[in-house]
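The values are calculated or read from the model by the stated rules, or taken from the named source; none is laboratory data. The model shown is predicted, which means the values in this text are computed figures rather than measured ones. Counting neighbours? That spans all protein chains shown, and the Cβs are built from the backbone with ideal geometry, glycine included. What goes into the accessible areas is simple: the full protein's heavy atoms, side chains included, and nothing from ligands, DNA or RNA. Shrake-Rupley method; radii C 1.70, N 1.55, O 1.52, S 1.80 Å.
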Amino acid sequence: MIQVMGGKYHHGDLRAELVRVSLDLIAEQGLEGFSVAKVAKLANVSPGAPYRHFSTRESLLAEIACHVACQLAERVAAAAAEHEDPADALAAAAGAYTRYLIERRAGMNVIYAEGLHGPEYVELHEQTRRLTDEFLMRCLAVAPDPETALELMEQLFTQAHGYGTFQLDGVFVKHGYSVDLVVHKSTEAARIAIAGRTVGGPR
């Protein structure tokens, strides 16, 4: 935690604090509300302080995205681990993605934010692969071939993100849906998609 001393911040672990504050800012205002200036103000440091740890806005955002991908991968893996049936595990993974997106306003929209595709963001790309592998390996377990598995993964990410976005944008709120209900609907939609692409299922 940053401590103010005579108008100057005590480093402690300023880098980690900036990331934590950034995640909270995005959770409250979305990616469109993110700025280095806002992060500095919330962290109670000077506007230039973040640039001592992150040379650009994109480098800070890449660190944030890395944390999002890591946290999502852990959430997805934990949700899937509660089910023995591969299809149920995969559907639960999709629901976990939706819940995280609603809670943090962060998912693929942050991980694939503009400016983060460069080769310099190695750790982000590794964590992104870790997240996608959580889905892809489970899709491969239920799909008849790799091509179908990739199509299924794309569909599941799109659906899971869409359900979360509808809740965040107020579409489902107007219908009186709770977060738990939206997650349930996302999970059930995933189950239907999986059934349509599993071995022996309709295409």
Q.
For the chain, what does the relative contact order come out to in percent, with C-alpha contacts under 8 Å and a separation of six or more?
A. 21 percent
(Q) I want to check the label-to-label distance for residue 180 and residue 31. Put each point 7 Å from Cα in the C-beta direction and report it in nm to one decimal. (A) 3.1 nm
Q: Take the Cβ-Cβ distance between residue 150 and residue 51 as r, set R0 to 45 Å, and report the resulting FRET efficiency rounded to the nearest 0.05.
A: 0.70
Q: Quick one: which residues, 5 or more positions from residue 172 or on another chain, have an amide H under 5 Å from its amide H? H modelled 1.01 Å from N in the peptide plane, none for Pro or chain starts.
A: 167
Q: Describe numerically, in nm with one decimal, the distance between label points set 7 Å from Cα along Cα→Cβ at residue 188 and at residue 171.
A: 1.7 nm
Q.
Given a Förster distance of 25 Å, report the FRET efficiency between residue 24 and residue 85 from their Cβ-Cβ distance, rounded to the nearest 0.05.
A. 0.10
Q: Take the alpha-carbon centre of region 139-203, take the same for region 92-111, and report the distance between them in whole Å.
A: 12 Å
Q.
Let's see if you can work this out: charge +1 on each Lys and Arg Cβ, -1 on each Asp and Glu Cβ, no other charges. What is the dipole magnitude of region 55-203 about its Cα centre, in debye to the nearest 20?
A. 460 debye
Q. Considering the dipole of region 6-132 built from charges on the beta carbon (Lys and Arg +1, Asp and Glu -1) around the Cα centre, which of 26, 95, 77 is farthest to its positive end?
A. 26
Q. With every protein chain left in place, what is the accessible area per residue of the chain in square angstrom, probe 1.4 Å?
A. 51 Å²
Q: On a 0 to 90° scale, report how tilted helix 57-80 is relative to the longest principal axis of the chain, with both axes built from alpha carbons and the result rounded to the nearest 10.
A: 40 degrees
Q) Do any chymotrypsin sites (Phe, Trp or Tyr not before Pro) in region 69-137 lie in a DSSP loop with no more than 13 other beta carbon atoms within 10 Å, and if so, which? A) 112
Q: Using a 1.4 angstrom probe on heavy atoms only, work out the carbon and sulfur share of the accessible area of the chain in %.
A: 54 percent
Q | For region 121-129, 3J(HN,Hα) per residue [Karplus equation, 6.51 cos²θ - 1.76 cosθ + 1.60, θ = phi - 60°, Hz, x = Gly/Pro] | A | 9, 4, 5, 4, 5, 5, 5, 5, 5
(Q) Test of understanding: what is the full-extension gain from residue 158 to residue 120, defined as 0.36 nm times their sequence separation minus their Cα-Cα distance? (A) 11.0 nm
